Amino acid sequence: MFSIIRSIWLTSLHMFRKRATIEYPEHKAPLHPRYRGRIVLTRDPDGMERCVGCYLCAAACPVDCIALQATEDENHRRYPEFFRINFSRCIFCGYCEEACPTYAIQLIPDFEISEYDRQNLVYEKQDLLISGEGKYPGYNYYKVAGLDAGVKNKGEGDNEEPPIDIHSLLP
Amino acid sequence: MNETLTYILTIVGELFSLLTLAALLIWVERRMLALWQDRLGPNRAGPFGLFIVVADTLKLFFKEDWIPPFSEKAVFVIAPAILVITVLLSFTIIPFAPGILITDFNIGILFFLAMSSLGVYSIVLGGWASNNKYSLLGALRGASQMISYEVFMGLSLMGVVMLSGSFSLRDIVEAQRNHWFILLQPVGFVIFFIAGIAETHRLPFDIPEAESELVAGFHSEYSSMKFGMFFIGEYLGITLISAMVTTLFLGGWLGPEFLPPICWFALKTFAFILFFILLRASLPRPRYDQLMGYGWKVLLPVTLLNLLVTGAVVLLLKN
């Protein structure tokens, strides 16, 4: 009996507490930098696309919402011919970001992607590409890869030794 | 002629204000619940979110009014009406202010008890006619809960009747000119209030509905305005019990001169409506057998004891 009265009293005291509600369109909750929202494709410091079209994101996606087709330019640099994410399917799990070997695909703290038409939720490559580097500034995949794709010559990358001349006897 | 006109005006005014109040209580309840749960509640549509009432009503009207093919159709349709009718009929005996009273029955309290007993039919018939096992379980629980709580609801009022010497609510209010009956009958007051909560099957005694166990209890199969009738009936029931508590224990429209009597009545009633909502915000639902055990093993003996003591004191003072 006493506990009932006590709980009524304690509940009534909640009248004077601070409200937990954030009135959304006027006030917005602070989102953490690693909040998983809208998916973007980032560029490397030189302004080129980071994506190398390896399909790992599409393979990791549990709802199969990523579709892409890889191709190569004249320097044998791989890039996606098209890159399509269906946000009406996406569950924002972030597996694609984890799978990406080149930090190309990233989830950013933006969730305001509502549309009146479901078809408008299918984002093409030009909608996904941003001009910045996202969460990993200064990273350029082709600078650390052994491949020469027009970014650097063989042996001139970061942490890369010059190729050994197998025809020379010098140490 | 003039008397008839006032009479009709009273009825229409009372009906209008009660139904408006019941609709407004949707908003009041949601805002107050939010207040006690550190939220804001509906505050977008219109000033303070008041238009949520209109929106809710419109939504209910435009919902498909589905009568299940497996139901007992006639009974299914009548059941929600019974609830609203019985509650509205009970309001006829409540003296809102000296002049505002529809009928001054000399058996007012008995009429109120009779009507609240009839209200059980709406739950039983509604649950039975739905032909759904959850509805039936809810109806069974509702019937046993309401019938057993009715027993000491009536008995707890007998103390008031003894003190005022009348079943008429107007005489009972007049008898409280010196001191309200809550001072003389605190036990009767508490028991009547608890029984009142059980009678309106509000939380924490919402066992006939018990959404975590029985979907929505006796009104699982109801939709559109038929559900709306149950909804409005529940809010009317809260208002009725609050008004009855005010009338019987808190001196009805009696109060200091600076406010008109109707304001005093409304204030007291509204305070109790808020308390109903506070109870919903704070207390968990007891188990079904706990509820019955509490009723028959605790409340009934206490009520009888209260009755005995009151009777003895009244007799003693008379001699």
Any residue at all in the stretch A:69-82 that is modelled with pLDDT of 90 or more, in a loop (DSSP other than H, G, I, E, B) and not polar (S, T, N, Q)?
no
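Where residues in the stretch B:212-245 are hydrophobic (A, V, I, L, M, F, W, C) and outside any helix (DSSP H, G or I), which of them is farthest from B:ALA22 (Cα to Cα)?
B:VAL215
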Identify, by number, the condition in (1) surrounded by fewer than 20 Cβ atoms within 10 Å (Cβ to Cβ); (2) under 19 Å from B:SER90 (Cβ atoms) that B:MET153 doesn't meet.
(1)
Only residues that are of a type in the set (S, T, N, Q) and more than 7 Å from every other protein chain (Cβ to nearest Cβ): list them for the stretch A:1-18, please.
A:SER3
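Given B:GLU14, B:GLU29, B:GLU3, which one is of a type in the set (D, E, K, R), touching a helix residue (DSSP H, G or I) at 6+ places or on another chain (Cβ under 6 Å), part of a helix (DSSP H, G or I) and more than 14 Å from every other protein chain (Cβ to nearest Cβ)?
Working: B:GLU14 fails: touching a helix residue (DSSP H, G or I) at 6+ places or on another chain (Cβ under 6 Å); B:GLU3 fails: touching a helix residue (DSSP H, G or I) at 6+ places or on another chain (Cβ under 6 Å).
None of the others qualify; the one that does is B:GLU29.
Would you check if B:GLU209 is acidic (Asp, Glu), modelled with pLDDT under 80 and touching a helix residue (DSSP H, G or I) at 6+ places or on another chain (Cβ under 6 Å)?
Working: acidic (Asp, Glu): yes; modelled with pLDDT under 80: yes; touching a helix residue (DSSP H, G or I) at 6+ places or on another chain (Cβ under 6 Å): yes.
So B:GLU209 passes the test.
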Confirm whether B:SER156 is of a type in the set (S, T, N, Q) and under 15 Å from the mean Cα position of the chain (by Cα).
no
Could you pull out the residue among A:CYS100, A:CYS96, A:CYS90 that is hydrophobic (A, V, I, L, M, F, W, C) and farther than 17 Å from A:GLU49 by Cα?
A:CYS90
Among (1) loosely packed, with under 10 Cβ neighbours inside 10 Å; (2) assigned to a loop (DSSP other than H, G, I, E, B); (3) within 11 Å of chain B (Cβ to nearest Cβ), the one test that A:THR21 misses
(1)
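Identify the residue in the stretch B:269-294 that is more than 14 Å from chain A (Cβ to nearest Cβ) and either among the polar types (S, T, N, Q) or more than 18 Å from the chain's Cα centre (by Cα) (or both) and, among all such residues, is surrounded by the most Cβ atoms within 10 Å (Cβ to Cβ).
Step by step, filter the stretch B:269-294, then rank; the result is B:THR269.
The values are calculated or read from the model by the stated rules, or taken from the named source; none is laboratory data. Note that the coordinates shown come from a computational prediction; the quantities given were computed from them, not determined experimentally. Reconstructed Cβ throughout: ideal geometry from the backbone, glycine too, with neighbour counts over all protein chains shown.
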